[in-house]
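Everything on this sheet refers to the single structure shown next.
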Amino acid sequence: MKILIDAHLSENKITGIGRYLNGLIPSIVRLDQSNDYIFLLRDDLEQDHPLMRIAGPRISKIPVKIKGIHPLNHYRLSKLIRKIDPDVYHHPHFDLPLLHHIKSVITVHDLKYVRNPHFFPEFSNLKKFYMKRMMRHAARRANRIITASVSTKNDLLNLIKISEDKIDVVYHGLEEHLRTHFEEQECRDVLRQYGIDGDFILFVGERRPHKNIPNLIRSYKILKNNLHDNIKLVIIGKKYLNYDIPESMVNDAGEGQIVIADAVTDDELVVFYQKARLLILPSYYEGFGFPLIEAMSRRVPVIAANNTSMIEVVGDAGLLVDPDSPDEIAAASERLLTDGELRQKLIRSGLDRVTEFNWDRSAAQTIEVYNKVYFG
């Protein structure tokens, strides 16, 4: 079987979809010694990029100038797909090319653009219409659909009206580099670069409206008033377009109390996880929630919103809160900072929970999806 995996959305700077591709593809290549694989990669990937390092007798890589999501990509990708003529084409996003007739698999990471369009006011009505129509087209045209959570599967069933029979839930995995352990002096050196010399609460994610960072900051202010502690809040993730509410709230919180790091290296991210007292993900919507399993793997207790995929990813290994209640988020934070018994219980539960998420298992299940498509 000749399988084409479209990985052009994996960039030099790791994003959510890039993290998915960079974790899944190496495991697929390692596990599957029977099929031939072709990967579409951006032509500007650096040589040390994880996907550039993949090699083998059954592996081919095609550099493409296609970047991001654009209507013209339908023509460019369809032309390329027809030329390659794979047995199965895996497109890891919702914008499946329109002009091809190859058996296909798509990965739907979430339906936030369909379910919560009000979180994207900067999008024109035309762009919102395009994204919604493309989601419907891709979900109906693809032979099979992979989702990273039951929550996203249910969104497809309820919002797009797709047959349940064609959806496969395949959880994401945990990247191996996150298990790296740094010495105390190395950690101190990294944290001092960001003005951190004590305990901190961690948030990881792009600063988008649906990430609910304003309520995170409000909860932090309540916590500080209750504890009279010098603990800081660290927000890691790049700014989203012209959305600057988090920045304005940080300026009002007092100098140095809230630290925003737009971009950190992979090693620096590991240090932040290694030294964080707890992680909070209060989002209104998540298709999976990578930071939750990343934190749990580093013995960091987690607090998550009681909605969407976060409920199933966290299970009983964290505290779930109402994302609309800064008081509830603050109270949960205070419990994890002051109740040592609860803290240790959730750390142990988290370590057990993350064993459910590994890329080899994800890869094996994804290969099985390819087989379903090809063999019927």
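The values are calculated or read from the model by the stated rules, or taken from the named source; none is laboratory data. The structure displayed is predicted, hence computed values, not measured ones. When we count neighbours, we look across all protein chains shown, and the Cβ atoms used for this are built from the backbone with ideal geometry, even at glycine.
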Going through (1) farther than 30 Å from His101 by Cβ; (2) in contact with a Phe, Trp or Tyr (Cβ under 7 Å, 6 or more places away or on another chain) one by one, Ser362 fails only at (1)
What is the number of the single condition among (1) loosely packed, with under 14 Cβ neighbours inside 10 Å; (2) modelled with pLDDT of 95 or more that Gly376 does not meet?
-> (2)
Within segment 42-59, how many residues are among the hydrophobic types (A, V, I, L, M, F, W, C) and either more than 23 Å from Gln365 (Cα to Cα) or free of Cβ contacts under 8 Å to residues at least 12 places away in the same chain (or both)?
-> 3
Working only within segment 63-83, note down all residues that are free of Cβ contacts under 8 Å to residues at least 60 places away in the same chain, within 15 Å of Lys2 (Cα to Cα) and either surrounded by 15 or more Cβ atoms within 10 Å (Cβ to Cβ) or not assigned by TED's automatic domain parsing to the domain that holds Leu41 (or both).
-> Leu80
For segment 229-239, does any single residue satisfy the condition of being part of a strand (DSSP E or B), among the charged types (D, E, K, R) and either surrounded by fewer than 18 Cβ atoms within 10 Å (Cβ to Cβ) or at pLDDT 95 or above (or both)?
-> yes
Ala304: at pLDDT 95 or above and either assigned to a strand (DSSP E or B) or out of contact with any Leu (no Cβ under 8 Å at 6 or more places or on another chain) (or both), yes or no?
-> yes
Criterion violated by Thr152 - all others in (1) part of a helix (DSSP H, G or I); (2) touching a strand residue (DSSP E or B) at 6+ places or on another chain (Cβ under 7 Å); (3) farther than 26 Å from Gly315 by Cβ satisfied = (3)
Which one is surrounded by the most Cβ atoms within 10 Å (Cβ to Cβ), of the residues in segment 165-185 that are assigned to a helix (DSSP H, G or I) and either in contact (Cβ under 8 Å) with a residue 24 or more places away in the chain or hydroxyl-bearing (Ser, Thr, Tyr) (or both)?
-> Leu178
Do you know which residues across segment 35-50 are closer than 27 Å to Asn371 by Cβ and modelled with pLDDT under 95?
-> Pro50
When both residues are 6+ apart or on different chains and their Cβ atoms are under 6 Å apart, which pairs have a first residue that lies in segment 354-369 and is in contact (Cβ under 8 Å) with a residue 40 or more places away in the chain, and a second that is among the acidic types (Asp, Glu) and assigned to a loop (DSSP other than H, G, I, E, B)?
-> Ile367/Asp32
Which of the residues that make up segment 186-220 are at positive phi and surrounded by 16 or more Cβ atoms within 10 Å (Cβ to Cβ)?
-> Gly205, Asn212
Is it the case that some residue within segment 283-299 is among the hydrophobic types (A, V, I, L, M, F, W, C), part of a loop (DSSP other than H, G, I, E, B), under 30 Å from Ile145 (Cα atoms) and in contact with a His (Cβ under 8 Å, 6 or more places away or on another chain)?
-> yes
In segment 126-155, the residues that are surrounded by 19 or more Cβ atoms within 10 Å (Cβ to Cβ) and farther than 19 Å from Pro97 by Cα | Ala148, Ser149, Ser151, Thr152, Lys153, Asp155
Would you point out which residue out of Asp252, Asp229 is acidic (Asp, Glu), assigned by TED's automatic domain parsing to the domain that holds Thr308 and free of Cβ contacts under 8 Å to residues at least 24 places away in the same chain?
-> Asp252
Filter result (in a helix (DSSP H, G or I) and either of a type in the set (Ser, Thr, Tyr) or surrounded by fewer than 20 Cβ atoms within 10 Å (Cβ to Cβ) (or both)) within segment 308-327 = Thr308, Ser309, Ile311, Glu312, Asp327
